[in-house]
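Reviewing the structure listed below.
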Amino acid sequence: MRTVVLFFVCVFFLSACDKPRSVAPQLQKVNFAYTSQPQSALIHIAIEKGFFRDEGLDVHGTVFELGRAAMASMLKGDDDIASVAETPIMYHVVKGGEISIFANVVTTNTNNGILARQDAGIQRPEDLKGKRVGFPKGSTAEFFLSAMLSAHGLEMSDIHSVYLKPNELQAAIMDDVVDAISIWNYKLALIADALGFNGIVFLDKELYTESFNLVCQPDYTKRHPEVLEALLRGLLRAEKFSLTHLLESQEIMTRRTQVPLKTVQKVWPEFKFKISLAPTLLITLDDEARWALQNQFAEAIQEPDFLSHIYFDALRTVKPEAIKFRQ
């Protein structure tokens, strides 16, 4: 009897060994160009917490200082998806370029500001007349500066424009090469701290609403719609996490960007982290296109139709109520 039992036990284990082991589903590789700016916080959180991997994506991230550089990497084919503010998108479309916007990850109307030296005789925006103002050309900072000047009865021709790269701005204003700079966070907060009591910051939340967006090549929406949907699911989890785990979210940004925690916490309230597609984006794109063409900052190859560059299907599938357009 013992021999028979032993025989059946051996047969059981041998048959179990013959069964193929379950293989974990293969992750879909995605090359993602995003920034170290606060607008990309949800992306950093999703990568750090494994939310993209949980959705079946193997995200290979390339971090850029500017969204414009991230978008350029995507357009060149080095990356599949990029995060970028609306201004570089506007310039690309006005010049006849193709691109698909499939989500907005954050909006803010107090991210951009003008930092001026008080010892240059600047106490109010009107005092910028005749002053040297540094800013990155073709950026949201340039659009905000133009809007601020216009709101106070000035034009771009009333100042001495100094085109600088973002990493050149601090030295320029600290060394009195320029009297003021127009820039965004984190740099705005960091340079203001460095300038100390001699600095004065001009903000105006009524002038401009910046949106930070996710973009890809139009053909990518056709070839990999499931990737865009999975990416949005991961970001929606990051959005929820940022609300329920605020300090940990801020610590993730400090760890991944090397920006001091106090600076991350200082600027965090300026951003509304929410995955959406809203008409505000179109309004800003139209305003910026009109501004760029009127000031001859860009030459239109075609009349811009920004709505045709928005891809709704991914967000409609994942979270239709996040689409604020009339469908």
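The values are calculated or read from the model by the stated rules, or taken from the named source; none is laboratory data. Quick caveat, the model's predicted, so the values are computed rather than measured. Here Cβ is always computed from backbone atoms with ideal geometry, including for glycine, and neighbour counts include all displayed protein chains.
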Legend entry - Checklist (1) touching a Lys or Arg at 6+ places or on another chain (Cβ under 8 Å); (2) modelled with pLDDT under 95; (3) closer than 13 Å to GLY113 by Cβ applied to LEU195, failing item: (2)
Legend entry - Residue satisfying all of: in the stretch 67-86; within 11 Å of the chain's Cα centre (by Cα) and touching a residue at least 40 places away in the same chain (Cβ under 8 Å); surrounded by the fewest Cβ atoms within 10 Å (Cβ to Cβ) among these: ARG68
Inset, instruction - Could you tell me whether LEU293 is assigned to a helix (DSSP H, G or I), farther than 18 Å from ALA41 by Cβ and modelled with pLDDT of 95 or more? - result: no
Inset, instruction - Would you mind telling me which numbered condition in (1) part of a strand (DSSP E or B); (2) farther than 24 Å from ALA298 by Cβ; (3) in contact with a helix residue (DSSP H, G or I) (Cβ under 6 Å, 6 or more places away or on another chain) THR110 fails? - result: (1)
Inset, instruction - Return a yes/no flag: does the stretch 301-324 have any residue that is under 30 Å from SER161 (Cα atoms) and either surrounded by 15 or more Cβ atoms within 10 Å (Cβ to Cβ) or modelled with pLDDT of 95 or more (or both). - result: yes
Inset, instruction - Just one of (1) within 24 Å of PRO38 (Cβ to Cβ); (2) outside the structural domain of PRO38 (by TED's automatic domain parsing); (3) outside any strand (DSSP E or B) trips up LEU243, so point out which. - result: (2)
Legend entry - Test: residue in the stretch 177-185 that is of a type in the set (Phe, Trp, Tyr), crowded, with 24+ Cβ neighbours inside 10 Å and modelled with pLDDT of 95 or more: no
Inset, instruction - Go over the candidates ALA238, ALA292 one by one and state the one that is surrounded by 21 or more Cβ atoms within 10 Å (Cβ to Cβ) and more than 20 Å from the chain's Cα centre (by Cα). - result: ALA292
Legend entry - Condition check for ALA72: hydrophobic (A, V, I, L, M, F, W, C), farther than 21 Å from LEU277 by Cβ and either assigned to a helix (DSSP H, G or I) or not assigned by TED's automatic domain parsing to the domain that holds THR284 (or both): yes
